[in-house]
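A.B. asks: There's a structure below that I have some questions on.
The values are calculated or read from the model by the stated rules, or taken from the named source; none is laboratory data. Everything numeric in this text was worked out from a predicted model, so none of it was measured. Here the Cβ positions follow ideal geometry from the backbone for every residue, glycine too, while neighbour counts run over all protein chains shown.
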Amino acid sequence: MPASPLSPSFIAAAHRDVSATTGTTVPVTLPFTGEVLHELPRSSTEDVQDAYSRSRLAQLAWARAGFAHRRRVLLRAHDLLLDRAALLQDAVQSETGKTRGQAFEEVFQAAGVTRFNALAARGALRGGRRHSALPLVVTTRVRYRPKGVAGVITPWNYPLSLAAMDVVAALAAGCGVVQKADDQGALSILALRRAFIDAGVPAELWAVVTGEGGIIGAAVTEEADYVCFTGSTATGRRVAVQAARNLTGVSLELGGKNPLIVLDDVGPARAAADAANACFSAMGQLCVSIERIYVQRGVAAEFLREFGRVTGGLRLGAGFDHSADVGSLTSPAQLDRVRAHVEDAVAKGATIEAGGRARPDLGPFFFEPTVLTGVTAAMDCFAAETFGPVVAVSVFDTEQEAILAANDSEFGLNASVFAGSARRGLRLAGAIEAGSVNVNEGYRGSFSSVAAPMGGLKQSGLGRRNGPEGLLRFVDAITISRATGLIQLPRTGREFEALTRPMLLLARVLKTLRRR
Ligand code: NAD
């Protein structure tokens, strides 16, 4: 069993970067072995309040420093992320149990998010002139003002990518950040933050706090000028209710039960290999990974045979190198839920086509990637998110049937269509109710397209991260209009009488000119 390559000096430095004065700690486990990786300092609600006060002060100067300065600093951070890729991968693997390759995807994604926000912020947020109702008589400009300090709550499963998608956009928009890291992702987040501090982000501008969600997460929500929450739908709803009391804006990135439709014009072998990645990457502990597959009857038998073969052939393992295709689940709670979903399904008549067993011989939280058929609505894994390496495969006949089945969910986060004909795939993609739809990929197409918005429909969330939409979360739009004095705007009955006809004429002319 491999020990974590993280050095004691790295861990000690990370601990010093947590905003925590309680003197208490909590043990954090190395998923590969179940041993204690480190003792993470715990923050108090006072620590959260202090962090906000310091970030608020730092934010005033950061906002004044302007886009060009922020862009320079963030692009430097981008380079440091790449320089420190190996360390960041070590941290992500040590905390989540992912493979080296999946940890690399996180680093690559975090760097991409940083580059995008650094380069796009000015264009998205510089504001500018807008048409007024009375050309020349009134001029109007829009200015975007940073909201202040954002509260960011980040889960354990993708600590680098998810943190970057919220935090870097907030920084690029001129905001400060108080971030609550999950215990099981704190070292990764602190290593990410350190790169930004070394690049020139003021240390007080971005604070990291730790602690129980119901206490420290609630304190982060309470003080925030805007809240970015990533996590389960149940917790997201609680955060939204709390934020609503202060009329604080929120973006909620929540759960999913993501479908994949496999059409009968695909090559079954390639579709099976791509489906295995879509379902089992990061052990299915990814909000956008696939948990339901609907395969068209013409290719169903061959696809299922190949899918079982590919899944059974995946190399499970713990290692800080590229020796494994699939890693460990992250925690005992994850293992319990995955095992419970599989046992419940089997007890109610589902068939295991591949996997289905815990693998304590590899590490305490390993579980084989699992393919089920015969899953019915009576089973827990039918509609509820497993958030693990378990997928249910069903067969359909018509496209209409597949679309109805894919949309039959309270969630609407991500979906996928595998098609031989791109046209057919894109046509079906347009009919699916989800915030992102990928054709001939599980989720990586949209997830890595950081210039495009990401978010959920239905119970999968509110608001969007990434793209200009992700930046606009962190600003208030302020409209500034000026009466030029060219013509006095009407005030009295007499003035209205004089101007009514010219204004009606003006409205007709503006419409003819198609001026908005
Ligand atoms: P969770 O909701 O249990 O916890 C998420 C975070 O919220 C944790 O850091 C937790 O400490 C904190 N928290 C708990 N109660 C809180 C409260 N009252 N106020 C503020 N913060 C609180 O989720 P989890 O099990 O850690 O993560 C898995 C879930 O996250 C899955 O449902 C997954 O689909 C979802 N997720 C969604 C996305 C997305 O982008 N849509 C990304 C990753 C994970």
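A.B. asks: Which residues, counting only those in segment 258-272, are surrounded by fewer than 24 Cβ atoms within 10 Å (Cβ to Cβ), in contact (Cβ under 8 Å) with a residue 24 or more places away in the chain and either within 16 Å of the ligand (Cβ to nearest atom) or outside any loop (DSSP other than H, G, I, E, B) (or both)?
C.D. replies: Correct list: 268, 269.
A.B. asks: For residues in segment 308-334 being assigned to a helix (DSSP H, G or I) and in contact with a strand residue (DSSP E or B) (Cβ under 6 Å, 6 or more places away or on another chain), which is farthest from residue 104 (Cα to Cα)?
C.D. replies: If we filter segment 308-334 for residues that are assigned to a helix (DSSP H, G or I), which is where we start, we get 308-313, 332-334.
After this cut, where a residue has to be in contact with a strand residue (DSSP E or B) (Cβ under 6 Å, 6 or more places away or on another chain) as well, the list is 308, 311-312.
Numbers: 308: 27, 311: 22, 312: 24 Å.
By that ranking, first place goes to 308.
A.B. asks: Here is a further query. Filter segment 134-171 down to the residues that are under 19 Å from the mean Cα position of the chain (by Cα) and in a strand (DSSP E or B), then identify the one that is farthest from the ligand (Cβ to nearest atom). First the steps, then the outcome.
C.D. replies: Step one: list which residues in segment 134-171 are under 19 Å from the mean Cα position of the chain (by Cα), which gives 150-171.
This time we only want the ones that are in a strand (DSSP E or B), so: 150-154.
Numbers: 150: 14, 151: 9, 152: 10, 153: 5, 154: 6 Å.
Looking at residues that are under 19 Å from the mean Cα position of the chain (by Cα) and in a strand (DSSP E or B), I get 150.
A.B. asks: What are the residues in segment 231-251 that are in a helix (DSSP H, G or I) and among the hydroxyl-bearing types (Ser, Thr, Tyr), if any?
C.D. replies: Answer for segment 231-251, where residues must be in a helix (DSSP H, G or I) and among the hydroxyl-bearing types (Ser, Thr, Tyr): 233, 235.
A.B. asks: Right, next: If you go through segment 325-339 one residue at a time, how many are away from the ligand (no atom under 12 Å from the Cβ) and free of Cβ contacts under 8 Å to residues at least 40 places away in the same chain?
C.D. replies: 4
Here's the yes/no breakdown for (1) in contact (Cβ under 8 Å) with a residue 60 or more places away in the chain; (2) over 24 Å from the mean Cα position of the chain (by Cα):
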position	(1), (2)
43	yes, yes
50	no, yes
73	yes, no
93	yes, no
102	yes, no
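A.B. asks: Of the conditions (1) among the basic types (Lys, Arg); (2) under 24 Å from residue 388 (Cα atoms); (3) more than 10 Å from the ligand (Cβ to nearest atom), residue 237 fails just one. Which one is it?
C.D. replies: (3)
A.B. asks: Just to verify a result, which residue in segment 240-256, among those that are within 9 Å of the ligand (Cβ to nearest atom) and not acidic (Asp, Glu), is surrounded by the fewest Cβ atoms within 10 Å (Cβ to Cβ)?
C.D. replies: Filtering segment 240-256 for residues that are within 9 Å of the ligand (Cβ to nearest atom) and not acidic (Asp, Glu), the one surrounded by the fewest Cβ atoms within 10 Å (Cβ to Cβ) comes out as 242.
A.B. asks: Would you be able to say whether some residue in segment 191-201 is within 12 Å of the ligand (Cβ to nearest atom), touching a strand residue (DSSP E or B) at 6+ places or on another chain (Cβ under 7 Å), assigned by TED's automatic domain parsing to the domain that holds residue 106 and not charged (D, E, K, R)?
C.D. replies: Within segment 191-201 (the criterion being within 12 Å of the ligand (Cβ to nearest atom), touching a strand residue (DSSP E or B) at 6+ places or on another chain (Cβ under 7 Å), assigned by TED's automatic domain parsing to the domain that holds residue 106 and not charged (D, E, K, R)), the answer is no, since none of the residues qualifies.
A.B. asks: Can you pull out the residues in segment 222-233 that are more than 30 Å from residue 401 (Cα to Cα), surrounded by fewer than 24 Cβ atoms within 10 Å (Cβ to Cβ) and near the ligand (Cβ under 9 Å from one of its atoms)?
C.D. replies: The answer is 231, and nothing else.
A.B. asks: Identify the single condition in (1) polar (S, T, N, Q); (2) surrounded by fewer than 19 Cβ atoms within 10 Å (Cβ to Cβ); (3) not assigned by TED's automatic domain parsing to the domain that holds residue 127 that residue 29 does not satisfy, given that it satisfies every other one.
C.D. replies: It is condition (2) that residue 29 fails.
A.B. asks: From 210, 154, grab the single residue that is more than 25 Å from residue 454 (Cβ to Cβ) and surrounded by 24 or more Cβ atoms within 10 Å (Cβ to Cβ).
C.D. replies: Going through 210, 154 in turn, the sole match is 210.
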